[in-house]
Amino acid sequence: MKHFDPVTLATPFFIVTVILEIVLARLGKLKAHYETRDTAVSLTMGLFSTLAGLPVAGLSFAAAIWAYHHRLFTIPMTAAWAWVLVFFLEDLTYYWFHRLSHERRVWWAAHVNHHSSQHYNLSTALRQTWTGGVAGTWALWLPLSLLGFPPAMVAIEKGVSLVYQYWIHTEAIRRLPRPIEAVFNTPSHHRVHHARNPRYLDKNYAGILIVWDRMFGTFQPELDEEACRYGLVHNLGTFNILRVAFHEWIGLAQDIVRSPRHTLGWLFGAPGWTPDGSRDTSATLKAQWAARQAQAKPAEREAA
Amino acid sequence: MTEGRSVASFAARRTPLNAAALIQLAISAAAVAAMVGLAAWATRGRGAPPLTDTEARRWLADEFPGLAIEGLWLATDGKGAVAKSKDQALVLSRMGDGYAARRLAWSQAVAAGLKDGRVRIALGDPGAPRAVLAFTKWPPQDLAA
């Protein structure tokens, strides 16, 4: 079978559509906000993300081959049912990968840069991690090869998912027809995922199918009354690309050096976890927000 | 062993830094430069306006909900602000067309030095190491204690 890489094939499409989004936004034909240095960081992160993955690529590939050699079944790459099956299983794997990447700090350290833009446009989609390989999340896909899916098939399906997720990074598309919004990850659902409003934190982890969020209780629709504010809870104060790529790893290392006996907590606690609770996690931010809402409601009723 | 061969050939095709990959990287780099240039053209004349008292308070309310502001000092170039809330300094500094916000002890903020019309406040965060804000006087005389 000829080598097939969906991401490489889609690269010209990425370039053309970013250009279109910038130009049409400038002409007032669609909604998109670009900022020059922010765009430069996003695109440069994307450009070098493939190179950054190389040091671990051999290891992850060898692990997939090893898993495939110890497979439980032999699943033919030529069967349509196999592609349908790998589509669902890869997407489910992606959901859990993505959820771990937000809810455990060691993996958040690798993923945080994708969320570090205060903008939400097609260039944001290309702000890809440089440290995903080191973080080891590729291991989550090994069970698929162990099950019997050829590693090439898994790699192609991962590429398909990545390409799908590109076009949903836009404010130009408001809502799609209800049946599509019900089943698929859409620009509206993914805007919520990139928002830093407490109500929207840690929601909509889907890759292609939003049904996983609905099943596992992490779905949050975009609300007209609460516009998304994009970026991180603590937005970056620099466009230095090395800091964008590595700031959370540096912070993690500093915390471990400062208090090594809490290493497991620093690594596998939620982002913001501290032994003394002195920083905010998504859970505490949501609780504080809910408390403010509860306080505000009686005051609103009194005013009415 | 057919499967072994197909796996090996797949691996060979994925050899990362062959000539085609380097050409693709070079073309992609050129495309990135073009897109950044286009973004610069498209956003020309659309920079963020200088921060006003009202805007600063709106940002601070978003970033630090529920904290009372006792004093607010805008940077002279409108690219940031420092607010006092009890014993804390709330610092806003321009980041593109948005802002980065951090809080730190007020005593730390007032200890920052003023040099060449800039106050450099160390924020102690790898993601926002320092805020560099334009002030003619620092610390503020009225609430520096």
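Since every read-out is calculated from the coordinates, none of them should be taken as a lab result. These figures come from a predicted structure and were not determined experimentally. Counting neighbours? That spans all protein chains shown, and the Cβs are built from the backbone with ideal geometry, glycine included.
Using every Cα-Cα pair within region A:48-131, state what percent have a distance larger than 20 Å. Percent of Cα pairs beyond 20 Å in region A:48-131: 55. Full extension of the chain between A:V257 and A:W81 yields a length gain of 58.3 nm, computed as 0.36 nm times the residue separation minus the alpha carbon distance. Put simply, the convex hull of the Cα atoms in chain A casts, on average, a shadow of 19.2 nm².
The ellipsoid equivalent to the alpha-carbon distribution of region A:1-147 has semi-axes of 32, 19, 14 angstrom, derived from the gyration tensor eigenvalues as √(5λ) and listed largest first. If you average the C-alpha positions of region B:111-145 and of region B:21-63 separately, how far apart do those two centres end up, in angstrom? If we compute the Cα centre of each part, the gap is 25 Å. Neighbouring Cβ atoms from other chains, within 10 Å of the Cβ of residues in A:228-241, number 5 on average.
For a paramagnetic label modelled on A:R71 (point 7 Å from Cα along Cα→Cβ), amide N atoms under 16 Å away belong, within region A:140-176, to A:141-158. Screening chain B for whole DSSP H helices with an alpha carbon extent of at least 18 angstrom along the helix axis and a mean Kyte-Doolittle hydropathy of at least -0.5 yields B:19-42. If you take the beta carbon distance between A:A182 and A:L27 as r and set R0 to 45 Å, what does 1/(1 + (r/R0)^6) give as a FRET efficiency, to the nearest 0.05? Efficiency computed from Cβ-Cβ geometry: 0.85. Working from the Cα coordinates of region A:227-304, the gyration tensor eigenvalues give, after taking √(5λ), semi-axes of 33, 19, 8 Å in decreasing order. Using a Gaussian network for chain A with springs between C-alpha atoms less than 10 Å apart, which of these wobbles most: A:P151, A:P55, A:P143? Comparing A:P151, A:P55, A:P143 in a Gaussian network model of chain A, the most mobile one is A:P55.
Please give the FRET efficiency for A:E302 paired with B:T136, using the beta carbon to beta carbon distance and R0 = 45 Å, rounded to the nearest 0.05.
Here the calculated transfer efficiency is 0.50.
Return a whole-number percent for the relative contact order of chain B, with Cα pairs under 8 Å and 6 or more residues apart as the contact set.
Numbers: 169 pairs, mean separation 20.2, N = 145.
Relative CO of chain B lands at 14 percent.
Per-residue shielding of A:18-29, expressed as the average number of other chain Cβ atoms within 10 Å of the residue Cβ, stands at 3.
Within a 10 angstrom radius of the beta carbon, how do A:I168, A:I250 rank from fewest other beta carbons to most? Before the final figure, lay out each step's value.
Numbers: A:I168 23, A:I250 16.
Fewest-to-most Cβ neighbours within 10 Å comes out as A:I250, A:I168.
Spatially, region A:40-89 and region A:115-156 are offset by 8 Å when compared through their Cα centroids. Whole percent per 10 Å bin, from 0 to the bin with the longest distance: what is P(r) over all C-alpha pairs of chain B? Once binned at 10 Å, the Cα pair distances of chain B give 10, 29, 20, 12, 12, 10, 6, 1, 0. Modelled label positions at A:R174 and B:A48, each set 7 Å beyond Cα in the direction of Cβ, lie 2.7 nm from each other. Principal axis analysis of the Cα atoms in region A:179-267 yields extents of 50, 29, 22 Å, listed in decreasing size.
Averaged over the residues of A:38-47, the number of partner chain Cβ atoms lying within 10 Å of the residue Cβ comes to 5.
Shown in residue order for region B:74-88 are the 3J(HN,Hα) couplings computed by the Karplus curve 6.51 cos²θ - 1.76 cosθ + 1.60 at θ = phi - 60°: 8, 5, 5, 8, x, 9, x, 6, 10, 10, 10, 9, 6, 9, 10 Hz (x for Gly and Pro). When the Gaussian network model of chain B links Cα atoms closer than 10 Å, the mean-square fluctuations of B:A19, B:A122, B:A61 top out at B:A19. If R0 is 41 Å, the Cβ-Cβ spacing of A:F4 and A:N240 corresponds to a FRET efficiency of close to 0.65. Pairs of alpha carbons in region A:1-88 separated by more than 15 Å make up 78% of all such pairs. The helix-only estimate of mean residue ellipticity at 222 nm for chain A, built from DSSP H runs of length n ≥ 4 each weighted as -39500 (n - 2.57), is -18500 deg cm²/dmol after division by the residue total. Sorting A:W83, B:W41 by the number of Cβ atoms found within 10 Å of their own Cβ, with the fewest placed first, yields B:W41, A:W83. Modelled spin labels at A:L162 and B:S107, positioned 7 Å past Cα toward Cβ, are 5.0 nm from each other.
Among all helices in chain A defined by DSSP H, which have a length of 27 Å or more along the axis from Cα atoms plus a Kyte-Doolittle mean of at least -1.0? Intermediate results must be reported in sequence, preceding the final value.
Working: long enough: A:6-26 (30 Å, 1.79); A:80-103 (35 Å, 0.31); A:282-303 (31 Å, -0.91).
Both cut-offs are met by A:6-26, A:80-103, A:282-303.
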